[in-house]
Amino acid sequence: SAKRRTAYVCGECGADYAKWQGQCDACGAWNTLGEVVLESAAQAASPASRRGGWAGKVDAPKVTALADVRADAQARVSTGIGEFDRVLGGGLAEGAVVLVGGDPGIGKSTLLLQALALMAAKLPGLYVTGEESLAQVAGRGQRLGLPLDGVQALAETCVERILEHALAAQPKLIVADSIQTLWTDTLSAAPGSVSQVREAAARLVRYAKETGTAVFLVGHVTKEGGIAGPRVLEHMVDAVLYFEGDSGSRFRVLRAFKNRFGAVNELGVFAMGDKGLREVPNPSAIFLSGASAPQPGSCVMVTREGTRPLLVEVQALVDASPLSNPRRVAVGMEGNRLAMLLAVLHRHGGIMTGDQDVFVNVVGGIRVQETAADLPVLLAVLSSLRDRPLPEKTIAFGEVGLSGEIRPVPNGEERLNEAATHGFKRAIVAKANAPKSGSYKGMQVIAVERLAEALEHA
Ligand code: TYD
Ligand code: MG
């Protein structure tokens, strides 16, 4: 019969079930189960498939001493864009599947078209568009003055047909823009639904691994910040890169969130201009607001995301709240961390913000994930509360512990060096991050052990 074996897969967490149910037992989400076809009844009946293929007379699995396996350095191809190479971990690895996520309009299609064109001489590319017409893609490429000779394009959303064309054209690199538009004809669910996205991606990944073709999957991000579609997408691919940035700013940051071929949290910085995305190889000072005089509620920190230091400005606005439950809003940092820091500020700094709304923003649309931001955040909060700017040309970094201690952060000297190079005159840092002499390349370095001390210096 034509009966097919199906499973129901949760779009939130990827758990599967034999029967449909309203709520996912694994993650508790409602109405997230979608139908996925596993195999046809005919396939299911064949003994080879039931035994997973290898239990019969086929070759026994080979066991190899790990020491005998030649670990060839994975061949890398430069994307032609240094900042992109940096985030990928030194260029694109052969056969890698890379998911590039970001808000609509942030520049995903632009970046990948640029990279595809620049790599075409070494890796013949296929640009698969499910969102824009071929004329739109070509128009953009021509306007940007890209070398489009080795780039083939295909306007198609059915993954089986895409793979048919790929088998014929034999590209070494495929860009699928976007994964949300793709669908497979083995599923009845609508394109864009979780099961379609998951299955279409799985097919592309399988093709990539079987043929050694590198694949970029473009994914739009939901309001919650995840790739629309199942989280399992992140487990299927070799690398997940997120494109971040303020819609008001021309700067864009590409961050490695997962990378089997390089460091995570590595950042690449770009500027969007009329010739597309231009890399910013020396981005240190672009995340400062550029105010000429010091402003209340602002503190500059040196963050070290990936492998290089960056000067980043943290802004806070503290204002008497009309609400019985005052607001805490954090943009560019974690909200829970802000709440925790405000509690430490009260308990160990004696400063109450319980009746105030507190807004914290990291300038330039960048996200700061490291704890080195703790001290600068509290200094910015205090400065706004008092309506007094911090002393001019001051930077700070340091983790704040629950008992009010200021903890050192890694690579202290490198951070101090970055600040001194950019003309900062004072640094407030943890004792273990400060040189004994109390100064570094002409910059005064104030060592603090407790939050209360740090607040006195601000
Ligand atoms: P796009 O790459 O289409 O974004 P995504 O694929 O992530 O949705 O980028 C679109 C935005 O970039 C759009 O707002 C216009 C702007 N842009 C420029 O400013 N300059 C350019 O050269 C290009 C190609 C786009
Ligand atoms: Mg696009």
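Computed from the coordinates by the stated procedures, all read-outs in this text should not be read as laboratory data. Computed from a predicted model, the values in this text were never measured in an experiment. Quick reminder, even Gly has a Cβ in these numbers, built from the backbone with ideal geometry, and neighbours come from all protein chains shown.
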**OP:** Counting other beta carbons within 10 Å of each Cβ, put Phe424, Phe257 in order, fewest first.
**Re:** Phe257, Phe424
Original post:
Cα centroid distance between the range 340-414 and the range 122-150, in Å?
Top reply: 46 Å
**OP:** Report P(r) for the range 129-228: all Cα-Cα distances, bin width 10 Å, range 0 to the bin holding the largest distance, values in whole percent.
**Re:** 15, 45, 32, 8, 0
**OP:** Could you work out the local net charge near Gln196, counting Lys and Arg as +1, Asp and Glu as -1, over the other residues with Cβ closer than 12 Å to its Cβ?
**Re:** -1
**OP:** Give me the Debye-computed log₁₀ of I(q)/I(0) at q = 0.07, 0.09, 0.10 Å⁻¹ for the chain, equal point scatterers on Cα only, no solvent, two decimals.
**Re:** -0.46, -0.73, -0.86
Subject >> Amide proton proximity set for Val448, modelled H, under 5 Å, gap of 5+ >> reply: Val429, Ala430, Lys431
**OP:** Round to the nearest 0.05 the FRET efficiency obtained for Glu449 and Cys13 when R0 = 41 Å and r is the Cβ-Cβ distance.
**Re:** 0.40
Subject >> Ranked list, fewest to most other Cβ atoms within 10 Å of each Cβ, for Met119, Met301, Met333 >> reply: Met333, Met119, Met301
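In debye, nearest 20: dipole of the chain around its Cα centre with unit charges on the Cβ of K, R (+) and D, E (-)?
Working: 48 positive and 48 negative charges, 116 e Å.
Result for the chain is approximately 560 debye, rounded to the nearest 20.
For the chain, give me the percentage of DSSP beta bridges that are antiparallel, rounded to the nearest 5 percent.
Numbers: 48 of 90 bridges.
Roughly 55 percent of the DSSP beta bridges within the chain come out antiparallel.
To make sure I understand, if each residue's beta carbon is the centre and we count other beta carbons within 10 Å, what order do Glu413, Glu12 fall in, fewest to most? The partial results should precede the final answer.
Details: Glu413 11, Glu12 19.
Neighbour counts put them in this order, fewest first: Glu413, Glu12.
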**OP:** Using a cut-off of 13 Å between beta-carbons, work out the net charge of the residues near Glu160 (Lys and Arg +1, Asp and Glu -1, Glu160 not included).
**Re:** -1
